[in-house]
Amino acid sequence: MKPLVTDALWERLEPLLPTPPKRRFRFPGRKPIDYRKILTGILFVLKTGMAWDDLPAELGCGCGKTCRHYLRLWHQAGVWRQLHALLLAELNSENQIDWQRALIDASFAKAPEGGEDTGPNPTDRSKSGSKHHIMTDAHGIPLSATVTAANVNDVTQALPVLIAMDPVGGKPGPKRQLPERLQGDRGYDSEPLRLLLRWLGVTPVLAERNTEHGSGLGVFRWFVERTISWLHSFGRLRRRLDRLTDVQEAFLRLACALICLRILEP
């Protein structure tokens, strides 16, 4: 059985983790749990979607409260962002990222417990939910992702998602900061947005309302929808149980990194 924390993942993540605090010589207290086991617990919750309190003791990763604490701690330290950027740089060095076109879309996640950045879902009888805004390259590699309430309009988040992408290295010269084009469906139809994108040097390819039927993404829509499907294969992104936004953001960023690693090492 393949372990949740593979050697390929651990080799990239371990150098990014903060150094554990030194234990006192006298009264050192309980020996801390190994970070790799804590990551196992985090991935188990992310993939299964179970509650933290239901984390099986047989995994040896401590209680759910401990795993949740480290998920937030490492998120605040920028670990998941650095891991995602590292994997994107590896993909870029192998010419696997197509910068000629970026695709943007959004998807809903149920949030029955409510919490920060949740709101009435307009497509699900106003039930509480959040929205994941995703930007991928032309082949569906996740470049950036953010979390908002479910009732936030997509067009208002196009620029935040674009800016949220960290500069991508992996090749000689300056790091890549922006794609050449940004393509979105009718939910992103906005002249002010087009002006802002052109000012940033990005060509807008945004479908216009009141035109012929279709998403406006053409055959490219399949790639971003596939990436959204990959993200929602993680139970904790399909159904949000955490009330704090930073926990959901941590899960989303970690899931993007895992998808990048899957593409690198299938």
Relative contact order (%) - segment 116-266, alpha-carbon pairs under 8 angstrom, separation at least six: 22
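Given 0.36 nm per residue, what is the gain on full extension from residue 14 to residue 73 after removing their alpha carbon distance, in nm?
Values: separation 59, 0.36 × 59 = 21.24 nm, distance 1.46 nm.
That works out to 19.8 nm of additional length.
In percent, how large is the relative contact order of the chain, given Cα pairs closer than 8 Å and 6 or more residues apart? Before the final figure, lay out the partial values.
Values: 460 pairs, mean separation 58.6, N = 266.
Reported as a whole number, the value is 22 percent.
Given a cut-off of 22 Å, what percent of all Cα-Cα pairs of the chain lie beyond it?
58
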The extension gain from residue 36 to residue 2, computed as 0.36 nm times the residue separation minus the Cα-Cα distance, is 10.8 nm
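Can you name the helices of the chain, as whole DSSP H runs, whose Cα span along the helix axis is 27 Å or more and whose Kyte-Doolittle mean is not below 0.5? All intermediate terms of the calculation are to be shown ahead of the outcome.
Numbers: long enough: 245-264 (29 Å, 1.26).
Membrane-span-like by this rule: 245-264.
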In a Gaussian network model over the chain where Cα atoms closer than 10 Å are linked, find which of 166, 246, 124 has the largest mean-square fluctuation. 124
Using label points projected 7 Å from each Cα along Cα→Cβ, tell me how many nm separate residue 164 and residue 262, to one decimal. 1.9
Extension reserve of the residue 95-residue 209 stretch, reckoned as 0.36 nm per residue once the Cα distance is removed: 37.5 nm
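Taken together, the values in this text are just the output of simple stated rules run on the coordinates, not laboratory data. This one's a predicted model, so the numbers in the text were calculated from it and none came from an experiment. Counting neighbours? That spans all protein chains shown, and the Cβs are built from the backbone with ideal geometry, glycine included.
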